Amino acid sequence: GLITASGVAAAMNGLRSDVDLNTEYLNLAIDFGAVALFAVLAKIDLDKGAELDASVEEKVRRKKEMKKLTKAMREREKLFGELSLDVRVTEQGDTRTATLATMQGMAKQHVILVAGPGRAIRDALRGAQLNKVNFAMTNILVVPYETGLTEADRASKPSGSGFGDRPTYETQPYVAEPVGPGWEEFIEAEMQTAIKQAGEKVRDDGIALVVANDGKVLRRGVGRVPWKQMVDELEEAVTGEKKESTVPFLEFLE
């Protein structure tokens with residue numbers, strides 16, 4: 001390109017008579033066209049390289065974020081056993097307070113925790129009522145935590161000991177009430193983790209945790225709980241045939 005351009009310049013200034021300007025213009029156009037093409041190809045390569053770098057960086061960021069989330073979840077699992085429940089001990093609805101660790105360790109109870117707005121809790125408990133025989137046979141406690149309530153709202157809930165003051169699905173012997181400090185913080189932390197993976201719809205759909213009686217969280221899920229599947233998973237986990245899920249949150253499907 002440089003040699004061709006200098007030849008054209010010399011011919012135009014009358015310094016050279018042996019130069020065919022038409023041919024030189026054509027060669028000059030080809031040379032500069034090639035330079036422009038190479039520049040475009042180089043930019044495309046650079047853009048692809050930048051995209052690849054960005055993709056790699058995003059994967060690394062997600063991996064770090066997942067490690068951070070997993071570590072936080074494991075730490076919360078250790079605190080889970082310190083939370084307290086009111087557990088029904090008579091058919092009349094009398095309750096006793098115990099920690100989850102006590103219910104899991106001494107009473108060998110598995111726990112399925114369901115948290116979300118009132119609609120999600122009602123749907124979950126109605127579904128649970130259809131599986132109450134399975135719960136009795138496999139030592140499962142269902143713990144519903146309704147979000148969006150104040151402490152005054154929780155305190156004003158009827159006890160369930162009177163006739164007709166609460167729906168029957170709320171007063172089943174396998175339903176335990178979360179009480180005492182720590183629950184709100186625990187549920188909010190679980191919600192935030194789920195939101196990072198499934199979006200803000202989590203607050204409306206609700207979440208569920210399936211916890212074996214050895215304290216291991218077998219499953220975290222978003223949405224409607226497939227009760228029979230969860231019961232089967234707990235049974236398999238007890239026999240050692242079911243491995244702990246490596247995915248922190250899964251979309252529940254029925």
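Read the figures in this text as sums done on the coordinates, not as results from a lab. All figures in this text were calculated on a predicted structure; none of them were measured in a lab. As a convention, Cβ positions derive from the backbone with ideal geometry for all residues, glycine included, and neighbour counts pool all protein chains shown.
Quick notes on this structure:
- Highest average first, the peptides 227-235, 182-190 ordered by how many other beta carbon atoms sit within 10 Å of their residues are 227-235, 182-190.
- Over 31 Å (Cα to Cα) - which of Lys68/Lys201; Lys63/Lys201; Lys71/Lys201; Lys59/Lys228 fall in this group: Lys59/Lys228
- Other residues with beta-carbon under 13 Å from the beta-carbon of Asp94 carry, at +1 per Lys or Arg and -1 per Asp or Glu, a net charge of -1.
- Amide H to amide H distances under 5 Å link Leu141 with His110, Val111, Ile112, where only residues 5 or more positions off or on other chains count and H is placed in the peptide plane.
- Stokes-Einstein D (µm²/s) once Rh is taken as the Kirkwood radius of the range 176-233 over alpha-carbon pairs, at 10 °C in 1.306 mPa s: 126
- Treating each Cα of the range 64-125 as an identical point scatterer and summing with the Debye formula, the log10 of I(q)/I(0) at q = 0.15, 0.24, 0.26 Å⁻¹ comes to -0.67, -1.08, -1.10.
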